[in-house]
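The values are calculated or read from the model by the stated rules, or taken from the named source; none is laboratory data. Everything quoted here is computed from the prediction, not taken from an experiment. Positions of Cβ are generated from backbone atoms using ideal geometry, with glycine treated the same way; all protein chains shown enter the neighbour counts.
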């Protein structure tokens, strides 16, 4: 399979997978397309960061920051809780495969690889936490300042 | 809603009880369907205030809400709600959140608010067909996403359907941890066997596709937002809960792989 086809397939499956998870999380029908596109864009940012030479942690922080901003903005425009968009969007960057390889290497007692995959899992998980929190704090600060200015 | 309205309804402790009951109904609806603790505490407080409570105290963790309200004339009520299980139901979360905003805006009388809550509880549930289809799509797509072939995708989709179906059965006596263990054991066994028998190609890709359905994403996401939002106790409890369920998933898959001898 050529590189282009593989990349196209990755984005297509990221879209479909996010849509699937949005359905599993019982997201309202009207928000399904937004959530699925959000998941795909989040993966795009992640992929671009990795291609640009960022570490796993940095790539996770960037994409999670984008995802947090995206969900905050959609939540305000479409008047829904932020979680409705945040949870499906996060799915493509959740380190599911690293988690599996961590476990597999633990069972086969391959401790060098076990440590490697465990570190990667933790790195991405921490990156997602930091990125989304930063976005949330940033947005609330922005609105706080805006309201302050308006009152004056 | 202003104080005159409250006087018209009689500022008795009965009203205080009813008010707190309504506020708790909304809080329960939010928490049950996956809201963070801060949102629940905030909603309950605002609703009580909107109908004339002068003092409210709310404390909430993932499994319980404790609230007390005092009216201007000194009528006092305190109630506890125990929440048995938290589910992923973001459309219900959205509905309860919208209702909470509506009620807080003060456009509705107390009776109307009561009626609205009853309506929301009797609303037609999210079609199960959609959820099952979501399970198929999610597992199948992610098996291919992480590098599996189309045959892996189809096998993962079928296993995804089985997992989501069992997950949505009403099994009140089954402990949630045991359920996670059982589901991951089942998924692991089926993935491994499918490769042995023929239809699947890579056990790891099929497993990764199905593992995504079991990872407690909602609980972990809420845990982090609770922690960052300053609700340390609730966040810690949820983190412990989701780590335990991650351990259960690992044990389930490990047992399955060891028994069927797949992948090694």
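A few remarks follow.
- The set of residues in the range B:146-159 that are at pLDDT 90 or above and facing chain A (nearest Cβ under 8 Å) is empty.
- The criterion of at least 2 residues that are modelled with pLDDT of 90 or more and under 26 Å from the mean Cα position of the chain (by Cα) is met by the following helices (runs of 4 or more DSSP H) wholly inside the range B:1-72: B:13-32, B:37-50.
- For the range B:225-264, taking the residues that are under 15 Å from the mean Cα position of the chain (by Cα) and at pLDDT below 85, the one that is nearest to the other protein chains (Cβ to nearest Cβ) is identified as B:225.
For (1) buried (at least 20 other Cβ atoms within 10 Å of the Cβ); (2) in contact (Cβ under 8 Å) with a residue 24 or more places away in the chain; (3) within 14 Å of another protein chain (Cβ to nearest Cβ), each residue gets a yes or a no:
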residue: B:26; (1), (2), (3): yes, yes, yes
residue: B:35; (1), (2), (3): yes, yes, yes
residue: B:38; (1), (2), (3): no, yes, yes
residue: B:84; (1), (2), (3): no, no, no
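- Against the numbered list (1) farther than 30 Å from residue B:223 by Cα; (2) at pLDDT 85 or above; (3) in contact with a helix residue (DSSP H, G or I) (Cβ under 8 Å, 6 or more places away or on another chain), residue B:115 comes up short only at (3).
- Hey, residue A:97 surrounded by 22 or more Cβ atoms within 10 Å (Cβ to Cβ) and more than 14 Å from chain B (Cβ to nearest Cβ) or not: no
- Which numbered condition residue B:189 misses (of (1) within 20 Å of residue B:126 (Cβ to Cβ); (2) touching a helix residue (DSSP H, G or I) at 6+ places or on another chain (Cβ under 7 Å); (3) surrounded by fewer than 21 Cβ atoms within 10 Å (Cβ to Cβ)): (1)
- Matching residues, the range A:1-21, being within 7 Å of chain B (Cβ to nearest Cβ) and surrounded by 23 or more Cβ atoms within 10 Å (Cβ to Cβ): A:13, A:14, A:17, A:19, A:20, A:21
- Subset of the range A:31-45 that is within 12 Å of chain B (Cβ to nearest Cβ) and touching a residue at least 40 places away in the same chain (Cβ under 8 Å) - its residue that is farthest from residue A:90 (Cα to Cα): A:31
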